[in-house]
Amino acid sequence: MLYSLHDLSQTLVAPWSAAASLNRNLFSNPMSPLSYIPGARQLAASSELFLRFTRHYDKPAFGLDQTVIDDVPVAVHEEIVLAKPFCELRHFRRDTQRSDPVVLLVAPLSGHFATLLRDTVRALLPAHDVYVTDWVDAKTVPLTEGPFHLVDYVDYVREFIRLLGPDVNVISVCQPTVPVLMAVSLMAADKEPVQARTMIMMGGPIDSRRSPTAVNNLATEKTLDWFEHHVIHRVPLRYPGYMRRVYPGFLQHMGFVAMNPGRHAEAHRDYYNHLLRGDGDSAHAHRQFYDEYNAVLDMAAEYYLDTIRDVFQQHRLPNGTMEIRGQRVQPELIRKTALLTIEGELDDISGNGQTEAAHGLCTGLPKAMRSHYMAPGVGHYGIFSGRRWREMIYPRIHDFIRAH
């Protein structure tokens, strides 16, 4: 019912958003006489702010059509190499004859689209052949495609690794560190001929009992029934996934904002002042960030509830009790896949030590095949985006892949 009410509110506010868009243009366009009246800039800025609060944010584009290799611009083409009901494996094919290491970048399925890793892909492209898991918004997946559980996520990762071959290097950011470790463990246990060369885990909850954050505490303070009854809803009629049970994106977005409400309020206040002063560069940076931040997807209810129970409440992977289709997950059987874990000193999503815990599980790997890096002064998003990612973290990933 809540999802339907939200959908109705979006429909009802649409005319007001259209009016705000019109006012913004009338009071800011230099070709409009109204842009020169007293108070025009304030009216335009207010309309712009209202529009951004009420508009719907679609999935952004990666927009990576070029990279630079050896100081030479090289075209990049996005291709879907494998389409699954809940995920598209996307390849960023470069117009080059170079034979660079293959990277499978497993994006988080935790509210935002895979485009959140745009800066990660951009840094990898000059020296790597990059594939990305582009997760599908669950409200667009018809019920006939069946449910999507955490074990299905693990199956997807295994299939992608097999497809890309034994030289693939798997990078997982945040949430997927857990299913990636499960997938690599099962492939090792089954002695599959194709196993990843390296697995690089960044800011993920391998053992969320270590340095628990507000996110971890919420998952343990509430029961699984509470999550099922308070955040799971049916997709409304007008979407292809009608009647599918999901954790809606708009509820997830409310949770993201509630974690740092003061910071977001200040950012929008600054944005309003940038518009008043005509500071186009700062206003553009704000739009870029929030166009991505406000674009959210629905998660399949089965997958979300499995994750809450298995990862954050029962800690099945570090406890050694995790099973996938009747087979126990045993990270200690990994022998061929080198491990690099990366954490941010200031990460308030995955606390310090949560990702490093993978080393205590992968006891079959010699020290020469394992490494850990704590990035000083880096928060959660800084692990995979921004200047510190490019200057401090990416070079270590580059060298680790080539060393193994």
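Annotations for the structure displayed:
- Pick from the stretch 205-230, criterion surrounded by 14 or more Cβ atoms within 10 Å (Cβ to Cβ) and free of Cβ contacts under 8 Å to residues at least 24 places away in the same chain, ranking: nearest to PHE256 (Cα to Cα): LEU218
- Restricting ILE349, ILE393 to residues that are β-branched (Val, Ile, Thr), in the same structural domain as ALA114 (by TED's automatic domain parsing) and part of a helix (DSSP H, G or I) narrows the list to ILE393.
- Given (1) of a type outside the set (S, T, N, Q); (2) touching a residue at least 12 places away in the same chain (Cβ under 8 Å); (3) in contact with a helix residue (DSSP H, G or I) (Cβ under 8 Å, 6 or more places away or on another chain), index of the condition HIS264 fails: (2)
- Any hit, the stretch 340-351, residues being free of Cβ contacts under 8 Å to residues at least 24 places away in the same chain and among the small types (Gly, Ala, Ser): no
- Residue within the stretch 75-84 that is under 30 Å from GLY146 (Cα atoms), buried (at least 17 other Cβ atoms within 10 Å of the Cβ) and not assigned by TED's automatic domain parsing to the domain that holds HIS286 present: yes
- Within the stretch 138-151, considering residues that are buried (at least 20 other Cβ atoms within 10 Å of the Cβ) and not β-branched (Val, Ile, Thr), the one farthest from GLN97 (Cα to Cα): LYS139
- Test: residue in the stretch 324-344 that is of a type in the set (Asp, Glu), at pLDDT 95 or above and not assigned by TED's automatic domain parsing to the domain that holds GLU48: yes
- Candidates in the stretch 86-132 are the residues that are touching a Phe, Trp or Tyr at 6+ places or on another chain (Cβ under 6 Å), in a strand (DSSP E or B) and in contact (Cβ under 8 Å) with a residue 40 or more places away in the chain; of these, the one that is surrounded by the fewest Cβ atoms within 10 Å (Cβ to Cβ) is HIS91.
- Of the residues making up the stretch 133-154, those that are part of a helix (DSSP H, G or I) and in contact (Cβ under 8 Å) with a residue 24 or more places away in the chain number 10.
- Breaking point among (1) over 15 Å from the mean Cα position of the chain (by Cα); (2) closer than 19 Å to PRO395 by Cβ; (3) hydroxyl-bearing (Ser, Thr, Tyr), for THR120: (1)
- Within the stretch 75-119, if we keep just the residues that are β-branched (Val, Ile, Thr) and within 21 Å of VAL141 (Cα to Cα), the residue that is modelled with the lowest pLDDT turns out to be THR115.
The values are calculated or read from the model by the stated rules, or taken from the named source; none is laboratory data. Please read these numbers as outputs of a predicted model, since none were measured by experiment. All Cβ positions, even for glycine, are placed from backbone atoms using ideal geometry, and neighbour counts span all protein chains on display.
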